[in-house]
Amino acid sequence: GITTSSGLEKDLFSIKSTGVSTQVIQSAAETFLNSLHEGQKKKTLFDIQSEEWRKWSNVDNGIYKRQGISLKEMSDIQKEAAFSLLQTALSAKGLQLSKDIMKTDQRLKEIKNGNPDFDEELYFLSILGTPSENEPWGWQLDGHHLVINYFILGDQVVMTPTFMGAEPVVTKAGKYKGNTLFQDEQNIGLAFMKGLPLAFQKQATISEEKITNNNLTEAFRDNQIIDYTGLSVSKMYSTQQEDLLALVAMYINNMREGHAKIKMEEVRTHLDNTWFAWVGGTSEDGVFYYRIHSPVVMIEFDHQSPVGVPSDIKGPSRNHIHTVVRTPNGNDYGKDLLRQHLEAHHDH
């Protein structure tokens, strides 16, 4: 997983009861699986330790074949069951954002004259393990600009890696004209940076020039070594720390409310070892990258160069955004919790 050059920080995650039931998610997953015929189930089900967890990708360019079953292959009843699973596992905000990201792919299909590589239903759902009250299991949604890995053990949840992005960020024509994404993550992130004292801004800034894509932990980058860089949150005033936590919550709150609250408590516990880093300027219409990094969470926001939408812009644009949320130190995909469970309960 994501570590620093000091190596893996151990004993950060433990198996415990959160008091927030996952029964409704389990039931929704079982209903979804029961809606599939045997051939579809074979495509959809994977072992809990399957490498399928790590085969997700943001891009649709033939790098690999997506696993699971796509929304496009499903009947209306199956789609309803699939979205019911998402609804039970995500917050209302997270569900709406996921649907809005899918709409951007429909816009790309329109821009590219019906190119079949883009479609609002080319999002693939897999179930890993068997939905259970006590045994580890999870699900994965994999598609262009939208990847959610969701691990469950008892009433514990790990929702990383999560990749969410969009191009176009603002849809100006077509079926979903007006569809707009990531404005809070963009604008509040910029406001936070501008609200820091100039000395703090200088410490946070890795580079004042934003000339390329800066995300470090996208697809196929599960084992990056990334040192803490920028401004230590321990130096911030308490009001600034609370503002940073509010920015973190914009990403964590894509989870269902109870588990988001638990994750935020975990983030707060490590606040004195959290770092904020910035690339770019702070003009109102400028492009930038920021990273929030602690032992238990890494969040990246990045303005990316145009790819799918024709543009005269040569560098990063506000109309193409990538965000990534990771759990450093070995607990992406719930791997550390899974390891502990297997060691305690499965001798083989």
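The values are calculated or read from the model by the stated rules, or taken from the named source; none is laboratory data. All of these numbers come straight from a predicted model, not from anything done at the bench. Because the Cβ atoms are built from the backbone with ideal geometry, glycine has one as well, and the counts that use them run over all protein chains shown. The accessibility values were calculated without ligands, DNA or RNA, using every heavy atom of the protein model including side chains. Shrake-Rupley method; radii C 1.70, N 1.55, O 1.52, S 1.80 Å.
General observations
- From 22, 31, 44, 18, residue being in contact with a Gly (Cβ under 8 Å, 6 or more places away or on another chain) and farther than 30 Å from residue 293 by Cα: 44
- Which numbered condition residue 114 misses (of (1) assigned to a loop (DSSP other than H, G, I, E, B); (2) crowded, with 24+ Cβ neighbours inside 10 Å): (2)
- Yes/no for residue 335 being open to solvent by 10 Å² or more (accessible area, probe 1.4 Å) and not in a helix (DSSP H, G or I): no
- Filter result for residue 331 (more than 17 Å from the chain's Cα centre (by Cα) and closer than 16 Å to residue 2 by Cβ): no
- Residue identified as surrounded by fewer than 17 Cβ atoms within 10 Å (Cβ to Cβ), under 25 Å from residue 305 (Cβ atoms) and not small (Gly, Ala, Ser) among 194, 202: 194
- Tally, over region 145-157, of residues that are open to solvent by 10 Å² or more (accessible area, probe 1.4 Å) and either at pLDDT below 95 or β-branched (Val, Ile, Thr) (or both): 1
- Pairs meeting the criteria (first residue in region 138-154 and of a type in the set (D, E, K, R), second residue assigned to a strand (DSSP E or B) and open to solvent by less than 10 Å² (accessible area, probe 1.4 Å), beta carbons under 9 Å, at least 6 apart or on different chains) are 142/123; 142/125; 142/126; 142/148; 142/149.
- In region 65-102, the residues that are of a type in the set (Lys, Arg), open to solvent by 50 Å² or more (accessible area, probe 1.4 Å) and either under 24 Å from residue 154 (Cα atoms) or within 19 Å of the chain's Cα centre (by Cα) (or both): 93, 99
- Which numbered condition residue 13 misses (of (1) open to solvent by less than 30 Å² (accessible area, probe 1.4 Å); (2) outside any loop (DSSP other than H, G, I, E, B)): (2)
- Pairs are defined by a Cβ separation below 9 Å, a sequence spacing of at least 6 or placement on different chains, a first member in region 304-328 that is among the charged types (D, E, K, R), and a second member that is in a strand (DSSP E or B); the pairs so defined are 318/170; 318/303; 326/162; 326/298; 326/299; 326/300.
- On the stretch given as region 61-85, residues that are in contact with a strand residue (DSSP E or B) (Cβ under 8 Å, 6 or more places away or on another chain) and modelled with pLDDT under 95 total 2.
- Within region 159-180, the residues that satisfy the criterion of being open to solvent by 10 Å² or more (accessible area, probe 1.4 Å) and not hydroxyl-bearing (Ser, Thr, Tyr) are 159, 170, 172, 173, 174, 175, 177, 178, 179.
- Inter-residue pairs, beta-carbon under 8 Å, first more than 15 Å from residue 59 (Cα to Cα) and at pLDDT 95 or above and in region 96-117, second buried (at least 20 other Cβ atoms within 10 Å of the Cβ) and among the acidic types (Asp, Glu), 6+ apart: 103/120
- Filter result for residue 177 (within 27 Å of residue 281 (Cβ to Cβ) and of a type in the set (D, E, K, R)): no
- Only one of the listed residues (249, 219) is closer than 27 Å to residue 87 by Cα, of a type in the set (A, V, I, L, M, F, W, C) and at pLDDT below 95. That residue is 219.
- Positions within region 219-253 being open to solvent by 30 Å² or more (accessible area, probe 1.4 Å), touching a residue at least 24 places away in the same chain (Cβ under 8 Å) and under 29 Å from residue 55 (Cα atoms), in sequence order: 220, 223, 224, 225, 227, 228, 229, 250, 253
- Within region 268-295, the residues that satisfy the criterion of being aromatic (Phe, Trp, Tyr) and closer than 15 Å to residue 226 by Cα are 275, 276, 278, 290.
- From 120, 52, residue being of a type in the set (Asp, Glu) and assigned to a helix (DSSP H, G or I): 52
- Residue selected from region 23-43 under the condition open to solvent by 40 Å² or more (accessible area, probe 1.4 Å) and among the polar types (S, T, N, Q), by the criterion farthest from the chain's Cα centre (by Cα): 34
- Scanning region 90-107 turns up one or more residues that are under 21 Å from residue 21 (Cβ atoms), aliphatic (A, V, I, L, M) and in contact with a helix residue (DSSP H, G or I) (Cβ under 8 Å, 6 or more places away or on another chain).
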